[in-house]
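S.K.: Here it is: the structure, laid out below.
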């Protein structure tokens, strides 16, 4: 009798020993794959990775403390309204990436839109050498300066530029996001 056969069936011939073993192994392989997927999803949830970044209750989010210069503002001729009193949806905001980090302008756009600002467009700045986030405003929109600096300084070191946007510029406020 052959060593690899266990039983002989008169109609089909000898049945191999390893046939039943392969079926068992396939079940264990599928179980192992499912456990790996569940483990990866649990890891992502507890570490706050990927789509779980915003919903994971186990991730402590640290807020960056604003630098003292973040609140420095040029003197205004009239007192500006409180940051909570301005209509954030009125000015058209342009966000430019000045840090070279891919996708940074988009993430700042999303953050500002969640706070009620109306971001008209995004793009890249003239260079990627900006270390601080720089804000430029049209003269008519200086009253928005305090609210914008307050909203940005949670994550970025913000300075307000002395240069103003021209009255013919399509944007009312321009934000160049720096690396800090």
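S.K.: For an R0 of 22 angstrom, estimate the FRET efficiency from the Cβ-Cβ distance between residue 126 and residue 167 and round to the nearest 0.05.
M.R.: With R0 = 22 Å, the Cβ-Cβ based efficiency is 0.60.
S.K.: Tell me whether the range 120-180 comes out rounded, prolate or oblate; compute the Cα gyration tensor, take square roots of the eigenvalues as a ≥ b ≥ c, and use a/c under 1.5 as the rounded threshold.
M.R.: oblate
S.K.: Classify the range 95-154 from the C-alpha gyration tensor, please: rounded if a/c falls under 1.5, else prolate or oblate depending on whether a/b exceeds b/c. Let's see the in-between values first.
M.R.: Numbers: a/c = 1.72, a/b = 1.37, b/c = 1.26.
Note, shape of the range 95-154 comes out prolate.
S.K.: How do 124-133, 92-101 rank on mean C-beta neighbours within 10 Å, highest first?
M.R.: Details: 124-133: 15.0, 92-101: 20.7.
Put in order of decreasing packing, that is 92-101, 124-133.
S.K.: Between residue 140 and residue 101, what's the calculated FRET efficiency when r is the beta-carbon distance and R0 is 30 Å? Round to 0.05.
M.R.: 0.40
S.K.: Using 0.36 nm times the number of residues separating residue 46 and residue 32, minus their current alpha carbon distance, what extension gain do you get?
M.R.: Contour length minus the Cα-Cα distance gives 2.9 nm.
S.K.: Still on this model: For the ranges 135-146, 39-50, what's the packing order if you count other beta-carbon atoms within 10 Å of each residue, average per peptide, and put the highest first? Write down the numbers at each step before the final one.
M.R.: Working: 135-146: 18.6, 39-50: 12.9.
Going from most to least packed, we get 135-146, 39-50.
Rule-based calculations on the coordinates, nothing more; no lab input. All of these numbers come straight from a predicted model, not from anything done at the bench. Glycine also receives a Cβ, built like all others from the backbone with ideal geometry; neighbour counts cover every protein chain displayed.
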